[in-house]
Amino acid sequence: MSADKTTILIVEDEPAIVELVSYSLKEAGWQALAVNTVGEAWEFLQRRTPHLVLLDWMLPDQAGLRLLARIRADRQLQALPVIMLTAKSMEEDKIAGLDQGADDYITKPFSPRELTARIKALLRRKSPEHAQNVMSVGAVTLDPVSCSVSLGGDKIDIGHAEYRLLKFFMAHPERVFSRNQLLDKVWGDHVVIEERTVDVHVLRLRKALKEAETLIKTVRSVGYMLSEK
């Protein structure tokens, strides 16, 4: 296998899932490597850094969240994209995973197509909110150079905070963010803002987007996302 091939580490102890996921990843043109425990995963990560980790919630030796915490606390690994694989569809667990630093989560059973789509989206968006390219979703276009937003070709009035929020959402489409994460990623953790302030800015953003307001979805008990679906 070529060294420049995208490598994905699967941390999962159920053989059937490992087989399904490995097959799907290889079909998508990626290199799939699998380990069964948190211990093995940590040993692997000391030797080489994959492009992305698919991490199961429940593992035989420790919870997947323990490995996630170690990854996020390690300077060499903290930016490593991690998708949690969870059999739990409980909202609290999703929030816990996101708050611990998971980039995304996918609930079992999942379709291989959905998994590869999520991986592609995550690999594509390493730091796209800093990009200077024009971004478009539906009828909404955002130009980072002129800091302007247009709807169906017509410029719209938008506040500074709402602009930053929209830019972040457009850089990370189809992904749910908790209020806490939005505060951290959009305003920075040095800014003291109440979580509920996020709701106010989302409300204003929807108002500014007029008929395109449906792009900004509320995900009950979790947070918000931008989606055309």
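Every number here is computed from the coordinates shown, using simple stated rules; none is lab data. As the structure is a computational prediction, the values presented were derived from the model and not from experiment. All Cβ positions, glycine included, derive from the backbone under ideal geometry; neighbour counts span all protein chains shown.
Brief remarks on what is shown
- Binned Cα-Cα distances of the chain, short to long, each 5 Å bin given as a whole percent: 1, 6, 14, 17, 17, 15, 12, 9, 6, 2, 0, 0
- Cα long-axis angle, helix 64-73 against the chain (0 to 90 degrees, to the nearest 10): 70
- Across region 112-124, coupling constants 3J(HN,Hα) worked out from phi with the 6.51/-1.76/1.60 Karplus curve, θ = phi - 60°, read x, 5, 5, 4, 5, 5, 5, 5, 4, 4, 5, 5, 6 Hz, and Gly and Pro carry x.
- Relative contact order of the chain, pairs being alpha-carbon contacts under 8 Å that are 6 or more residues apart, as %: 13
- Residues Leu182, Leu55, ranked from the fewest to the most other C-beta atoms within 10 Å, line up as Leu182, Leu55.
- Among the listed pairs Lys94/Lys167; Lys26/Lys108; Lys26/Lys167; Lys108/Lys207; Lys120/Lys155; Lys120/Lys210, those beyond 27 Å (Cα-Cα): Lys26/Lys167; Lys108/Lys207; Lys120/Lys155; Lys120/Lys210
- Ala63 versus Val134: modelled label distance in nm, points set 7 Å from Cα along the beta carbon direction: 4.7
- In Hz, Karplus ³J(HN,Hα) per residue of region 99-110 (6.51, -1.76, 1.60; θ = phi - 60°; x = Gly, Pro): 5, 6, x, 5, 7, 6, 9, 9, 8, 6, x, 10
- DSSP-loop GluC sites (Glu not before Pro) across region 168-229, with at most 13 other Cβ within 10 angstrom: Glu194, Glu228
- Sequentially through region 20-32, phi angles give Karplus couplings (6.51, -1.76, 1.60; θ = phi - 60°) of 4, 5, 4, 4, 4, 5, 5, 4, 7, x, 9, 8, 10 Hz, Gly and Pro residues having no value and appearing as x.
- Contour minus Cα-Cα distance for Asp184 and Ser150 (0.36 nm per residue): 9.6 nm
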